[in-house]
1. Set Lys and Arg Cβ to +1 and Asp and Glu Cβ to -1, take the dipole of chain A about its Cα centre, and tell me which of A:GLN232, A:MET73, A:GLN147 lies farthest positive.
2. Which of rounded, prolate or oblate describes chain B when judged by the alpha-carbon gyration tensor and an a/c cut-off of 1.5?
3. Students often forget the sequence filter, so: which lysines lie under 28 Å Cα-Cα from A:LYS234 once same-chain residues fewer than 8 apart are removed?
4. Quote the charge dipole size of the range B:108-322 about the Cα centre in Debye, to the nearest 20; the model charges only the Cβ of Lys and Arg (+1) and of Asp and Glu (-1).
5. By its C-alpha gyration tensor, with a ≥ b ≥ c as the square roots of the eigenvalues, how is the range A:1-92 shaped: rounded for a/c under 1.5, else prolate for a/b larger than b/c, else oblate?
6. Please give me the summed charge of the neighbours of A:ASN23: other residues whose Cβ is under 11 Å from its Cβ, Lys and Arg +1, Asp and Glu -1.
7. Mind checking which of B:LEU149, B:LEU261, B:LEU185 has the largest fluctuation in a GNM of chain B, springs on alpha carbons under 10 Å?
8. With an 8 Å cut-off on Cα pairs and a minimum separation of 6 or more residues, tell me the relative contact order of the range B:1-67 in percent.
Amino acid sequence: MSTPIIEMTNVNKWYGTYHALRNINFTVNEGDKIVVCGPSGSGKSTMIRTLNYLEAHQEGTIRVNGTDMHSKMKDVDKVRMDVGMVFQHFNLFPHLTILQNLMAGPMWVRGISEEEARKTAMMYLERVRIPEQADKYPGQLSGGQQQRVAIARSLCMKPKVMLFDEPTSALDPEMVSEVLDTMVSLAKDGMTMVCVTHEMGFAKAVADRVIFMDEGEIIEENDPINFFDNPQSKRTQNFLGQILQH
Amino acid sequence: MLFADTVVGDPAVHKPKIILIMVMVATVLFTLFGLNDTIFGEFMRPVIGEPKESGFFGNASIGLVMAIIVVINIVLIGFLPFRIQILIVWFELLLLFLTFFYSFGLNYQFIQSKIWFMITQGVFTTLYISAISIILASVLAIVGAIAKLSSNGFAFAIASFYTSFFRGLPLLMQVYLIYLGLPQLGYVIDAVPAGVMALTLCYGAYMTEIFRAGIQSINKGQWEASRSMGFGFGLTMRRIILPQAMPLIIPPTGNQFIAMLKDSSLVSVIGVWELMFLARTLGNKDFRHMEMLITAALIYWVLTVCLELVQSRIERHYRTASH
């Protein structure tokens, strides 16, 4: 259980002169569930997006599944097939039905037969508990349903690790739990996950480690019990105080 | 319809003030037209006496009567439901146009003797030149749009030079430049290929901009989702971005198709036997220019209406395909 699947070493990134990521170091082992939190603008989304090279970093190395991520690498697409990503705004393909959304990846880039892809797609739709929506279009579904479809779409690619970039932030409050439930059950099945989220309940329930970022730096990395009950840094204490007081 | 408003007042044409203004304006216009030596003067003979000698009084009374008839017509149409209004107004405007052409005293036998040749030769040539040019221009437009959005300096420079040049020159001049210019380079080109080339290059340039805008309007998240699943650039473009850009690209492209169908008349200057060329030449021998020009005009119009119908059908298809 300790094969590293993601390793970030001394990663730095700038937007022009703005230093977005400062000396990021951390490792995700197979089966790990990591929750990344921090105030807005702290670089957590940037960090998770560098993991599948949606954002380029300028210094340091990022190894994903044994491959170095850098701009000259031809096989970025191959790494990406093994790294599922769930976005804040779902980003389903609106011109395709739910089923087609799920079948597209396996058929177009994995070379899986239509029949096989349909079977896998239906299996994951059952898994996220909306098989009856298979033939609808994304625009006809609620936000929570769309996000569950987005998770199923990623799962259909049989990824080795799943990245979640604030998956519940754009949802109405009553839909947050249905998405979190899906993520919890995914975690229970042993999926390797990196989640940027403010859902502290989720962090407590499933995370192996919680990472707190501020101003592009990792301030604190700890197991959830110590992170919430005994935060080391002042900035972590302030942040937790702000989001837990309600 | 843009927006079915729930707050509606009386139709404008039922407001007394507006009815009065319409009657006054129409009376003045008809009076200025001086209708007393037309058939309307004959109708009014019991009131105004000998029409030719009735002068201003005659003109004004005919004008008033005509104005009242027209305004009653408008007010009555105002009571009808939307669709029937459209039908009736279209029908009346068409009738007006036909009366206008009828008043030219055209020789219909002459038209009848030439129209078959105009359709088999002229319409056929116009259609196939436009069709080939439209297809080639679309291909050129996709390539041009991708080049204009690329981070490759060469591609961007060539594409922007191309659009700038071919949008900057009058199409007529491009037709001449290609037909007369290429032979200077030692390559003699026939009239039809030269015409097709000019139309393709010119419309390809306009459509490049349409395609570029359509592609650009698709949310960045679609690219991210597609690329993050390991889809390559080409696959993302073909299966994710273009299908979503199509509903935005099609209305202005349909517009371009219609414009091209008519601009294909410009290649008549280099002697291609298309509709416009025939319209100018067939009437020459008998000095029947009006007959041929009006016939060609109506044929262009009919072709355009067909294209409009096709366009609205395609638009409807894309509207129902993704909600």
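Every number in this text was worked out from the coordinates using simple rules, so none of it is lab data. Since this is a predicted model, take the numbers as computed values, not measurements. Every residue, glycine among them, receives a Cβ derived from its backbone with ideal geometry; neighbour counts consider all protein chains shown.
1. Checked the options; the winner is A:MET73.
2. On the way: a/c = 3.03, a/b = 1.53, b/c = 1.98.
Oblate shape, in that a/c is at least 1.5 and b/c is the bigger or equal ratio.
3. Correct list for A:LYS234: A:LYS13, A:LYS33, A:LYS44, A:LYS204.
4. Values: 15 positive and 9 negative charges, 95 e Å.
About 460 debye.
5. Details: a/c = 1.26, a/b = 1.18, b/c = 1.07.
Note, shape of the range A:1-92 comes out rounded.
6. On the way: positive: A:LYS13, A:ARG22; negative: A:GLU59, A:GLU217.
My count for the surroundings of A:ASN23 gives 0.
7. B:LEU185
8. Values: 61 pairs, mean separation 25.0, N = 67.
Across the range B:1-67, relative contact order equals 37 percent.
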